[in-house]
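Peer 1: Please find one structure pasted underneath; my questions will follow.
The values are calculated or read from the model by the stated rules, or taken from the named source; none is laboratory data. Since the structure is predicted, the reported quantities are computational estimates derived from the model, not experimental observations. Here the Cβ positions follow ideal geometry from the backbone for every residue, glycine too, while neighbour counts run over all protein chains shown.
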Amino acid sequence: MIKSLLVANRGEIACRVFRTCRQLGIRTVAVHSDADENALHARVADTAVRLPGAAPADTYLRGDLIVKAALAAGADAVHPGYGFLSENADFARAVLDAGLVWIGPPPEAIEAMASKTRAKQLLGIAPLTDVTDADLPVLVKAAAGGGGRGMRVVRRLEDLTTALEGARAEAASAFGDGEVFVEPYVENGRHVEVQILADTHGTVWALGTRDCSLQRRHQKVVEEAPAPGLPEQLAQELRALSVRAAHAVHYTGAGTVEFLVADGTAHFLEMNTRLQVEHPVTEEIFGLDLVAEQIRIAEGHALAADPPHARGHAVEVRLYAEDPARDWAPQTGTLHRLAVPDGIRLDTGYTDGDDIGVHYDPMLAKLVAHAPTRAEALRKLAGALERTVLHGPTTNRDLLLASLRHEEFTDARMDTGFYDRHLPELTAPAPDPFAPLAAALADTHGRSRFGGAWRNVPSQPQTKRYEMAGEEHEARYTPTRAGFQVEGARVVHADARLVVLEVDGVRRKFEVTAYGDQVHVNNTVLRALPRFPEPETQHAPGSLLAPMPGTVVRVADGLKAGVLVEAGTPLIWLEAMKMQHQITAPATGTLTALHAAPGQQVEVGALLAVVDGNVP
């Protein structure tokens, strides 16, 4: 029986596994990089072991160090979580060879299915080997891992080589395996998957279906169970195929078989030999703890002959520190506050005051709602998102809220191209016009021991300036004996944390919290501006600025000052949070300056290069 378990992972999934271990009475061991020394997963575990030497981005790929940590801490089992080494057969063997229990499928099953190329061959599906114009569009895909990393859609044959190189580099960085392959790209399909659970006695459960069609950069954003609107006959076929695949490789533990469904036909994508990020929606409708089931299976316990019955509908959203309106640019900084209403499941690897760094995935949390029907689950989750207190860097919260309420999604007509079609409308700024006024009144009240700061002599209105949704706004108000006088509203109440305004006879509450010059007014984020505008840093036309903090991993071959570049040509590759981002030439012209070099750490806004479009 397992008494102490090490999670070979970090963040949200490590905390998730630890939660189940505590319920089962199992001691927990965390491993952490230097960058994660104060991370939540390292703090909540009973024991934490530093993984020395490796760079932060590579630390959790060092299987030798992780096995050594498990032995040193007295653990008798290892759970891989997802990502990193979770689908690495060599790591699974190393764990077993060290005399530890592996919470996962046999290494042979991982080898058969974790490589997407070998999985396809096992099922009689051959990847493309010689791509022509007739095959376009195609998808370049990492053979190992998941999470959208190492994937590129290619629509022009001349872009294939660059896509292959980029996918290889990203896959090697994320999974330690740079193998990629090419397959046909199915436009506007639905991403549907089946959760399986198999014991060591030959029983395999197919735990319904999930729909994960809302994706950005091939990484899932919204997931739900069961997959809505799926014909029952097709759902049965998917479940049967998933069980057959599990039996074919003598699978044990939790796994997922993924499909792309288009025009009533299912195309096999891959089998993930691990726990999925979106496993909570399956847990909610089946009333199961999949992590607990993984542990029991690893201990040799048998599953019942039949799985439990599903009840209701569950929806999950992934809350990311990123800006969807700026090409999904990851964001960093302090997460000051994260509080979710009661009745909503929150899985997270962060708590108030934690730092969001540049080395790892930008997912902050998963919010999950369960209800008797899909419509009720969507409404419940959207309402909770709206009431969630979230103070810190820019996130995709507003996008998630708009997605859950979009007619195409509520009618279950979505597909994997949802954000390609709707991103501009979903990210259109809709700031509250009274937010600057509320911020100004709260700030004035907080700084004045008299609250209203009224004057005996009439004077000009006081003003404060704020940046909101990229635009400057000015709040004007006049303190009087009777309180604040403002245009277009009546001030019912104002203190340093709460402002109540009556607008057209309707009272509205504004909760205000400030962190330096960053001010949160309900769900609107503002930046307080100085009384007098400061001179802006001037950059030459054609300057390429880092859109996020990260590491320069590549510079285009032969790129140097004086060379001619064409508009849209990739010049610099920046890696942040395990994803690579291309910096392209803004115009055709001459590169007059190059400040970026491979391995260089840059902050957001750093000058990387300059392209002069006026120089032939």
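Peer 1: Name the one entry in ALA35, ALA54, ALA42, ALA14 that is under 23 Å from MET579 (Cα atoms), under 25 Å from the mean Cα position of the chain (by Cα), free of Cβ contacts under 8 Å to residues at least 60 places away in the same chain and not in a strand (DSSP E or B). Give the derivation first.
Peer 2: Details: ALA35 fails: free of Cβ contacts under 8 Å to residues at least 60 places away in the same chain; ALA42 fails: under 23 Å from MET579 (Cα atoms); ALA14 fails: free of Cβ contacts under 8 Å to residues at least 60 places away in the same chain.
None of the others qualify; the one that does is ALA54.
Peer 1: I've got another one for you. Give just the number: which of (1) buried (at least 21 other Cβ atoms within 10 Å of the Cβ); (2) under 20 Å from ALA109 (Cβ atoms) does GLU284 not satisfy?
Peer 2: (2)
Peer 1: Got a sec? Which of GLU193, GLU187 is out of contact with any Leu (no Cβ under 7 Å at 6 or more places or on another chain) and at pLDDT 85 or above?
Peer 2: Details: GLU187 fails: at pLDDT 85 or above.
The match here is GLU193.
Peer 1: Could you check region 79-187 for strands (runs of 3 or more DSSP E) lying wholly inside it with 3 or more residues that are outside the structural domain of ALA292 (by TED's automatic domain parsing), under 20 Å from the mean Cα position of the chain (by Cα) and farther than 22 Å from MET271 by Cβ?
Peer 2: Values: elements: 138-142, 151-154, 180-184.
Filter on region 79-187 gives an empty set.
Peer 1: Continuing with this model, one more query. β-branched (Val, Ile, Thr) and either more than 14 Å from SER4 (Cβ to Cβ) or at pLDDT below 95 (or both): does that describe VAL101?
Peer 2: Working: β-branched (Val, Ile, Thr): yes; either more than 14 Å from SER4 (Cβ to Cβ) or at pLDDT below 95 (or both): no.
Spelling it out, it is not the case that VAL101 is β-branched (Val, Ile, Thr) and either more than 14 Å from SER4 (Cβ to Cβ) or at pLDDT below 95 (or both).
Peer 1: Still on this structure, please answer the following. If you scan region 66-78, which residues turn out to be assigned to a helix (DSSP H, G or I) and either buried (at least 19 other Cβ atoms within 10 Å of the Cβ) or among the aromatic types (Phe, Trp, Tyr) (or both)?
Peer 2: ILE66, VAL67, ALA69, ALA70, ALA73
Peer 1: Additional query: Restricting to region 564-616, name every residue that is exposed (fewer than 12 other Cβ atoms within 10 Å of the Cβ), over 18 Å from THR161 (Cα atoms) and more than 25 Å from the chain's Cα centre (by Cα).
Peer 2: Across region 564-616, the qualifying residues are ALA597, PRO598, ASN614, PRO616.
Peer 1: For region 394-442, what are the residues that are part of a loop (DSSP other than H, G, I, E, B) and β-branched (Val, Ile, Thr)? I'd like the intermediate steps shown before the answer.
Peer 2: In the first step, residues of region 394-442 are kept if they are part of a loop (DSSP other than H, G, I, E, B); the result is 394-396, 405-406, 411-417, 427-434.
Selection gives THR394, THR395, THR416, THR427.
Peer 1: Could you check region 360-379 and list, in sequence order, the residues that are buried (at least 20 other Cβ atoms within 10 Å of the Cβ) and in contact with a strand residue (DSSP E or B) (Cβ under 9 Å, 6 or more places away or on another chain)? Spell out how you get there, then give the answer.
Peer 2: So the first thing to find is which residues in region 360-379 are buried (at least 20 other Cβ atoms within 10 Å of the Cβ), and the list is 360-370, 377-378.
Hits for region 360-379 are ASP361, PRO362, MET363, LEU364, ALA365, LYS366, LEU367, VAL368, ALA369, HIS370, ALA377, LEU378.
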